[in-house]
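Let me give you the structure first, and then I'll get to my questions.
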Amino acid sequence: MTSKKWIAAAVALLVVIAGVWRWLGHSATEADDGDHPVTGEAVIAAVARVQRGPMDSTLTIAGEFKPFQDVDVHAKVAGYIQKIYVDVGDHVKQGQTLAILEVPELAAQLTGADAALRRAKEEIRREQGEVQRAESAHAAAHSMYVRLKQASEQQKGLVAQQEVDDSQAKDLETEAQVSSALAALSAAEQQVEISAANQKQYSAMSGYTRIVAPFTGVVTMRYADTGSLVAAGTSSSTQAIPIVRIAEVSKLRLVLPIPESLAAQIQLGDPVKVSVQALNKNITGTVSRFAGSLDMQTRTMQTEIDFENRDGKLIPGMYTKTLLTLAERPNALSAPLEAVTQSGNSATVLMLTATNTVEERKVTLGIQGKSRVEVVSGLNEGDRVVLGNRSQFREGEKVQPKEIAPSAPVSGGAS
């Protein structure tokens, strides 16, 4: 190989080495610089201020109105409906007659019970006469025995001993008759009590042939007509059908299924705002009662609010959109929800220091509103917190803040 060829080969080798070196150096620089541009400009971060102001925690939940009371009215005795006086939609008052039952055998039993009671009372009067007769006979026999015994003791042999003994026996016999008459009188008195109890039972059962309204309300269903045979509603062995169904609609219950996560916050008297969509009307109320335990299937707690409905505009079954205020803070320190990251029971935010350096802070949270959350500790009023995707920032990194007004919507992330 000539010297010219050796020189050309050496120059070519140097060119290749220089190219490789430049390529390796450029790649290393880009790897070290990460996602940031090589220009060295700071990343723009959307931030918002930690502020004080009134705040509340609310829950919007669907519910429905139910009658305050709603029952099926059954017959207590079996029989035929002789007359029914009400139909669907009729308003009834407490104690008003709804229907009359015809029970022929019950009327016969009541007549027999009345007769048995009268006979038992007559038996008492007869036994009282027997007691008086026996007491009179005993008094006479006892007096005779006493006189004979005194005469016999005063003068020996004046009265034969046999006559004294016969008189004493008569005295004891009449005394036993008095005891027997008293026992018979006691038995007659007990029979009167038994007959009176039977008569009272059949009389009460006869009163059940008149079906009355248990409370003031409206008839929502009618199950039977004139001539229908109805079974006694007290028998568990028969499928007894009711006569009518009555609902109390002058007062309604609004039933709300409160989720398990919020059930512990429910208190009696909590304010409630209800929107009745069917009527395009808003009404207010307070929590009247709650179950105090969760439904194991739905994991919710039944909560009820009572509403007066004397004008009848609210109808059971109407659906509502209910805003339930769980807690209120008149001067709460709060931050946007977009700034808070929660993991289990702990929460953190990224805040900016005075030199616009990112710093991670642990915070303790309180109640949560629609767009902000209460900060109990960890931040001060006026602190700036980073909004959006926090994976774009590292602690200790300097950023260029872009403050977002509280009323402006925030999408998060750097612009």
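The values are calculated or read from the model by the stated rules, or taken from the named source; none is laboratory data. As the structure is a computational prediction, the values presented were derived from the model and not from experiment. Quick reminder, even Gly has a Cβ in these numbers, built from the backbone with ideal geometry, and neighbours come from all protein chains shown.
Identify all residues within the stretch 239-274 that are small (Gly, Ala, Ser), surrounded by 15 or more Cβ atoms within 10 Å (Cβ to Cβ) and over 29 Å from residue 73 (Cα atoms); write none if there are none. Before the answer, list the steps.
Looking only at the stretch 239-274, we keep the residues that are small (Gly, Ala, Ser), and these are 240, 247, 250, 261, 263-264, 269.
With surrounded by 15 or more Cβ atoms within 10 Å (Cβ to Cβ) added as a condition, the list becomes 240, 247, 250, 263.
263, the sole residue that qualifies.
What are the residue pairs meeting all of these: first residue in the stretch 49-65, first residue touching a residue at least 24 places away in the same chain (Cβ under 8 Å) and surrounded by 14 or more Cβ atoms within 10 Å (Cβ to Cβ), second residue in a strand (DSSP E or B) and among the aromatic types (Phe, Trp, Tyr), Cβ atoms under 7 Å, and 6 or more apart or on different chains?
Every condition considered, the pairs that remain are 64/319.
If you go through the stretch 343-350 one residue at a time, do you hit one that is under 15 Å from residue 49 (Cα atoms) and outside any loop (DSSP other than H, G, I, E, B)? First the steps, then the outcome.
Step one: of the stretch 343-350, the residues under 15 Å from residue 49 (Cα atoms) are 349-350.
Now narrow it down to the ones that are outside any loop (DSSP other than H, G, I, E, B): 349-350.
Yes, the conditions are met somewhere in the stretch 343-350.
Given the stretch 29-136, what strands (runs of 3 or more DSSP E) lie entirely inside it while holding 2 or more residues that are charged (D, E, K, R), modelled with pLDDT of 90 or more and more than 30 Å from residue 173 (Cβ to Cβ)? Before the answer, list the steps.
Working: elements: 43-49, 51-73, 79-84, 97-102.
Fully inside the stretch 29-136 and qualifying: 51-73.
Related question: Hey, can you tell me all the residues within the stretch 266-284 that are assigned to a strand (DSSP E or B) and touching a Ser or Thr at 6+ places or on another chain (Cβ under 9 Å)?
Start the filter on the stretch 266-284 by keeping residues that are assigned to a strand (DSSP E or B), which leaves 271-276, 281-284.
Correct list: 271, 272, 273, 274, 275, 276, 281, 282, 283.
Test each condition in (1) more than 30 Å from residue 59 (Cα to Cα); (2) modelled with pLDDT of 95 or more for residue 248 and report the one that comes out false.
All conditions pass for residue 248, except number (1).
Scan the stretch 314-332 residue by residue and report those that are part of a loop (DSSP other than H, G, I, E, B) and more than 16 Å from residue 66 (Cβ to Cβ).
Taking the stretch 314-332 first, the residues part of a loop (DSSP other than H, G, I, E, B) are 314-318.
If the condition is that a residue be part of a loop (DSSP other than H, G, I, E, B) and more than 16 Å from residue 66 (Cβ to Cβ), then no residue fits.
Continuing with the same structure: I'm trying to understand the selection: among the residues of the stretch 177-195, which are within 15 Å of residue 115 (Cβ to Cβ) and either surrounded by fewer than 16 Cβ atoms within 10 Å (Cβ to Cβ) or without any contact (Cβ under 8 Å) to a residue 24 or more places away in the chain (or both)? Quick ask: steps written out before the conclusion?
Applying the first criterion (within 15 Å of residue 115 (Cβ to Cβ)) to the stretch 177-195 yields 191-192, 194-195.
Passing the criteria: only 194.
Next up: Report yes if residue 226 is among the hydroxyl-bearing types (Ser, Thr, Tyr), within 23 Å of residue 100 (Cα to Cα) and outside any strand (DSSP E or B), otherwise no. Don't jump to the end; show me each part of the working.
Working: among the hydroxyl-bearing types (Ser, Thr, Tyr): yes; within 23 Å of residue 100 (Cα to Cα): yes; outside any strand (DSSP E or B): yes.
Answer is yes for this residue.
Tally the residues that are more than 18 Å from residue 185 (Cβ to Cβ), surrounded by 12 or more Cβ atoms within 10 Å (Cβ to Cβ) and of a type in the set (Gly, Ala, Ser), restricting the search to the stretch 121-160.
Going through the stretch 121-160 one residue at a time, the tally reaches 5.
Suppose we filter the stretch 377-399 for residues that are surrounded by 13 or more Cβ atoms within 10 Å (Cβ to Cβ) and not in a loop (DSSP other than H, G, I, E, B); how many remain?
Residues flagged as surrounded by 13 or more Cβ atoms within 10 Å (Cβ to Cβ) and not in a loop (DSSP other than H, G, I, E, B) within the stretch 377-399 amount to 7.
Taking the stretch 95-154 only, how many residues are polar (S, T, N, Q) and not assigned by TED's automatic domain parsing to the domain that holds residue 190? Show your work before the answer.
Initially, the stretch 95-154 is screened for residues polar (S, T, N, Q), giving 96-97, 109, 111, 128, 132, 136, 143, 150, 152, 154.
Going one step further and asking which of them are not assigned by TED's automatic domain parsing to the domain that holds residue 190, we end up with 96-97.
Total meeting the criteria: 2.
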